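Report on the following structure.
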Amino acid sequence: MENQLDIVPIKKVFSIIDSCTNSNQLKTCEKLADIYTELAKEKGVINFKTVKETLNIKLQEKEDELEYIENYC
């Protein structure tokens with residue numbers, strides 16, 4: 001039997017990104033976003049580019065949040 005990876009809902013990836021508390025964790029999440037997008041592409045998701053764009057927006061929002069916390073709190 002072939003070992004197959006199923007794609008998890010994007011909400012799970014959002015949850016992981018939301019849980020980041022520093023820039024090192026966020027860098028790991030950037031790698032996760034790349035891997036998730038590649039898996040979506042391999043699984044035949046038609047709009048995988050939109051998936052990547054959405055994850056990039058979420059990553060940017062979290063980066064902005066972490067910078068705000070670092071600079072103003």
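Structure above, values below:
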read-out	value
Total charge dipole magnitude, the chain, about the Cα centre, Cβ charges on Lys, Arg, Asp, Glu only, Debye to nearest 20	260
Where segment 13-73 is the region considered: accessible area per residue in Å², 1.4 Å probe	71
Point-to-point label distance, residue 50-residue 28, nm (Cα→Cβ direction, 7 Å offset)	3.1
Percent accessible area from carbon and sulfur atoms, the chain, protein chains only, probe 1.4 Å	53
Relative contact order, percent, the chain [alpha-carbon distance under 8 Å, six or more residues apart]	38
Degrees, to the nearest 10: 48-72 long Cα axis against longest axis of the chain	20
FRET efficiency estimate (nearest 0.05) - Cβ-Cβ, residue 14 to residue 72, R0 22 angstrom	0.35
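The values are calculated or read from the model by the stated rules, or taken from the named source; none is laboratory data. Values in this document were obtained by computation on a predicted structure and should not be read as measured data. With ideal geometry, Cβ positions are generated from the backbone for all residues, glycine too; neighbour counts draw on all protein chains shown. Ligands, DNA and RNA are stripped out before the accessible areas are found, and what is left, the full protein with its side chains, is counted by its heavy atoms. Shrake-Rupley method; radii C 1.70, N 1.55, O 1.52, S 1.80 Å.
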